[in-house]
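Notes follow the structure.
The values are calculated or read from the model by the stated rules, or taken from the named source; none is laboratory data. Computed from a predicted structure; not experimentally measured. Note that each Cβ is placed from the backbone with ideal geometry, even for glycine, and that neighbours are counted across all protein chains shown.
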Amino acid sequence: MIKWLGLILALGLVLRLIMMATIPGELFGDEVDVGYQAYSLFKTGKDLYGQTLPLYIHSLSEWRAPLLMYATVPTIAVFGLNEYGVRLPEVILGALAPLILFFLVRKTTNSAPLSLSVSMALAIMPWHIHYSRVAFEVVLLINLLMLGTLLFLKRSYLWGSLFFVLSLYTYSTSLVFVPLWVGYLSLRHLRATSKGLFLLFILSLPLIYFIFLGPARDRFGMLSLGNSRELIDRIYVLRSQDPSFWSRFFVNKPLTIAGSWWLNYLRAFSLEFLFVRGDPVMRHSIQVIGQLLPLSAPFLLLGLYALIKQRQWMWLAWLVLSPIPASLTSDGGFHATRLFLMVPPLAVVIGMGLFQIKNKFLLTICYLLFALQLVWVGYYYGVFYRREAWRWWHTGYKQIFTSLSTVDVSYNRVFINNTYEPSLIRFLFWTKFDPARFQKDFVLDQSQKDILPGYDGFSLGSKYIFGRFNKPNYSLLPGAVYLISQREEVAGDWDFEKSPPDGVKVISTSRDPYGRPLFYLVTKK
């Protein structure tokens, strides 16, 4: 038994670790933010905005739950500001998830062979593999939830509550799911769990303040169905077509929100999302299959039947409750990150379905078919996906900012295009900019008109300007270097590196996977 569990864990680690620096792609914005915040915490004990050991972290674009940043500090300290420093915590957490789930399933079913089947189902699940290769907070979230649940079932309520509290500081969906889940677990042992529930409430108060009363409330409100501009416009259009009493009775905000929530909830269980295409955002799904292996579909049905027959209500409850937080948001029906809470119960259901195959020869055939499909998905993932999805992974910034860091000292002014994607956090990360210096020099990141003649933007100290030219025929200042965007500042498909304009020297170029230019470093010739 230990040998098979070890092999499953080794397989899970290999699938998550191999080539994780380049696949699925370059570090995207949220990952860069995680890494640099961890770097700032490591170097100064403060986040970017100078908060000392904050309970909620102030990023440049929004407020974020802090736990993943803190968990990334050790790897940033060891490996530095690179892919290994940022992604390795999630790789390790993802590789450990099948082990945690093994012990949790064995506790609920008292069956080690079934627990192995479930552990394998999680180890090879594309949804979990993909997310474990990227700095997504939700991998940490479900590990904490599984550990909290395991401790609750072992009647260690105080320690279980502590893990549930920690999960609240990982990702926003936990704010809805954890109270629902802990409420379900506490139904039979309310008196025994009262101390744990009190601890959960007390330790979550700072987070509740930040989300509902503090500076993070705007982000929380923006995503909710109740504030959806599309939903409100839809009500207005329908009422304008029929201004009668019945229109106000049938077409109103509460009913429309309820209907949208229900549709979102059902979409989470759709074949399109689970097996056919998955999340339409290419950063969350490889698009050629859904979030799960298509071959797992019949085992999902078989596992559901077995769970009901064996009255394994806890896993069915988790499966039913898990889409609720995502369904409350405007695009939550297909949002794989917000729906990641579904991963543990789905693994249990699929593993339970496979466990129903008692014929060893047939079971071997099933696993071989799974292996073949996983190999095919892995081939597409490694060869084609990272080329097709390069825009979602903000390709080009690593190369151009690494080049900038080598020539920076030679120039007294650095102008950086800030229109393709927000450039500041990427500049800080890839140039390894000193966090203490940033906290001293940074004032604001709101663009100002003509901060220097012909250039709109904002400054970091006196040397770095982030923005764009405000005239079609821009001119370069002597002694300055410019990072310019092919899309925003170069006409058509003109390749500056091959034929630079008169008076312009191209220092470096970054390109997409198809060889097309993305960014240039240029200076006055």
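Remarks
- Inclusion of Val165 among residues that are among the hydrophobic types (A, V, I, L, M, F, W, C), touching a residue at least 24 places away in the same chain (Cβ under 8 Å), surrounded by fewer than 24 Cβ atoms within 10 Å (Cβ to Cβ) and farther than 29 Å from Lys358 by Cα is warranted.
Listed here are the residues, each with its yes/no results for (1) of a type in the set (Gly, Ala, Ser); (2) over 20 Å from Ile289 (Cα atoms); (3) touching a residue at least 60 places away in the same chain (Cβ under 8 Å).
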position: Val375; (1), (2), (3): no, no, no
position: Trp390; (1), (2), (3): no, no, yes
position: Asn418; (1), (2), (3): no, yes, no
position: Glu421; (1), (2), (3): no, yes, yes
position: Phe429; (1), (2), (3): no, yes, yes
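- Matching residues in the stretch 485-525 - criterion: being in a loop (DSSP other than H, G, I, E, B), among the hydroxyl-bearing types (Ser, Thr, Tyr) and either surrounded by 14 or more Cβ atoms within 10 Å (Cβ to Cβ) or touching a helix residue (DSSP H, G or I) at 6+ places or on another chain (Cβ under 9 Å) (or both): Tyr514
- Hey, Arg413 assigned by TED's automatic domain parsing to the domain that holds Ser510, among the basic types (Lys, Arg) and in contact with a Phe, Trp or Tyr (Cβ under 6 Å, 6 or more places away or on another chain) or not: no
- For Tyr482, the conditions (1) surrounded by 14 or more Cβ atoms within 10 Å (Cβ to Cβ); (2) in a strand (DSSP E or B); (3) at pLDDT below 95 all hold with the exception of (3).
- Where Trp430 falls short, out of the listed (1) surrounded by 13 or more Cβ atoms within 10 Å (Cβ to Cβ); (2) more than 23 Å from Phe496 (Cβ to Cβ); (3) of a type in the set (Phe, Trp, Tyr): (2)
- Condition met for Tyr455 (surrounded by 13 or more Cβ atoms within 10 Å (Cβ to Cβ), more than 26 Å from Gly35 (Cα to Cα) and not β-branched (Val, Ile, Thr)): yes
- Test for Ala336: is it surrounded by fewer than 24 Cβ atoms within 10 Å (Cβ to Cβ) and at pLDDT 95 or above: no
- Residues located in the stretch 10-48, provided they are of a type in the set (S, T, N, Q), at pLDDT 95 or above and either part of a loop (DSSP other than H, G, I, E, B) or surrounded by fewer than 20 Cβ atoms within 10 Å (Cβ to Cβ) (or both): Thr44
- Verdict on Ser403 being of a type in the set (Gly, Ala, Ser), modelled with pLDDT of 95 or more and not assigned by TED's automatic domain parsing to the domain that holds His284: yes
- Of the residues making up the stretch 25-75, those that are more than 20 Å from Leu166 (Cβ to Cβ) and in contact with a His (Cβ under 7 Å, 6 or more places away or on another chain) number 5.
- The one condition in (1) within 29 Å of the chain's Cα centre (by Cα); (2) within 22 Å of Val409 (Cβ to Cβ); (3) of a type outside the set (Ser, Thr, Tyr) that Glu488 fails to fulfil: (2)
Conditions (1) buried (at least 19 other Cβ atoms within 10 Å of the Cβ); (2) farther than 30 Å from Trp315 by Cα; (3) among the charged types (D, E, K, R), marked per residue:
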| position | (1), (2), (3) |
| --- | --- |
| Ile350 | yes, no, no |
| Lys358 | no, no, yes |
| Leu363 | no, no, no |
| Val375 | no, no, no |
| Trp392 | no, yes, no |
| Phe401 | yes, yes, no |
